[in-house]
Amino acid sequence: MRCFWLLYILLLVSAGCENKKKYHDREKAELPNDTVDAIREILYSHKKLNMEFSDPETSPLPDRYRKDFKGLDFYKPDTNFRVMARLERTPDAVPFMMPTTTDRKSAEVLYGVAYFRLNGKAHELEIYSSPELKLEKDQREDLFLPFLDETNGDETYAGGRYINLSVPKGDSLLIDFNTAYNPYCAYNPKYSCPIVPKVNTLQTKIMAGVKAFKK
């Protein structure tokens, strides 16, 4: 009988500790490590872009805007806008001349098409590479993703935004819309910027990355 009561007390203590631990875990509400790392990467990319815009050597801002520059207006980091896309390469694509905001034409090659789901819908975007950059040792793996979405002209730049990517090893490609940035011509008309092809229009709102620049 004595053993029974000892066992009963031990079970109560054990249950009490277990409940306390569960409650404590819920109170902590910690994000998964991969989410924390992703947000850290996003914030770092935003900080890096702000540093670039603050530096007179690298900033596209005219002096009259840069002297009072406090930082770009970003959406809050949102890992829902980090998507893993299926990449279908187009190795037989030939170079073409992409129109820009000036008379200049930008030589591009269709590197592949990215297929992914976002906001409950299936989407696809064309991804480009530059024949000129392929000649540069430190840029030959760079890819260019321009896109339009339903925030353009309202919360974001009317002409769309860009994302820089790198050639992946396999057929999966991480697209982080939190790193979307405005073309330089959104800040200064002296720049010549590739015009986003209409085929890269997303029928959804991409509430991530840089917002429209308010002068």
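Would you please classify the overall shape of segment 59-215 from the alpha carbon gyration tensor, given that a ≥ b ≥ c denote the square roots of the eigenvalues, rounded means a/c under 1.5, and beyond that prolate means a/b larger than b/c while oblate covers the rest? Note, shape of segment 59-215 comes out oblate.
The alpha carbon centroids of segment 145-215 and segment 62-119 are separated by 5 Å. With 21 Å as the limit on Cα-Cα distance, the pairs of 48/76; 48/190; 70/211; 105/215 that go past it are 48/190; 105/215. Phi angles of segment 105-120 translate, via the Karplus equation with coefficients 6.51, -1.76, 1.60 and θ = phi - 60°, into HN-Hα couplings of 10, 9, 6, 9, 10, 6, 6, x, 10, 9, 10, 7, 10, 8, 6, x Hz per residue; Gly and Pro are given as x. Here the relative contact order of segment 89-174, from alpha carbon pairs under 8 Å that lie six or more residues apart, stands at 19 percent.
Protein heavy-atom surface of segment 31-71, 1.4 angstrom probe: 52% of the accessible area is carbon and sulfur, with nucleic acids and ligands not counted. Heavy-atom accessible surface of segment 75-161, averaged per residue, reaches 57 Å², computed with a 1.4 Å probe.
The values are calculated or read from the model by the stated rules, or taken from the named source; none is laboratory data. Quick caveat: nothing in here was measured; it's all calculated off a predicted structure. Surface accessibility is based on the protein's heavy atoms, side chains included, excluding ligands, DNA and RNA. Shrake-Rupley method; radii C 1.70, N 1.55, O 1.52, S 1.80 Å.
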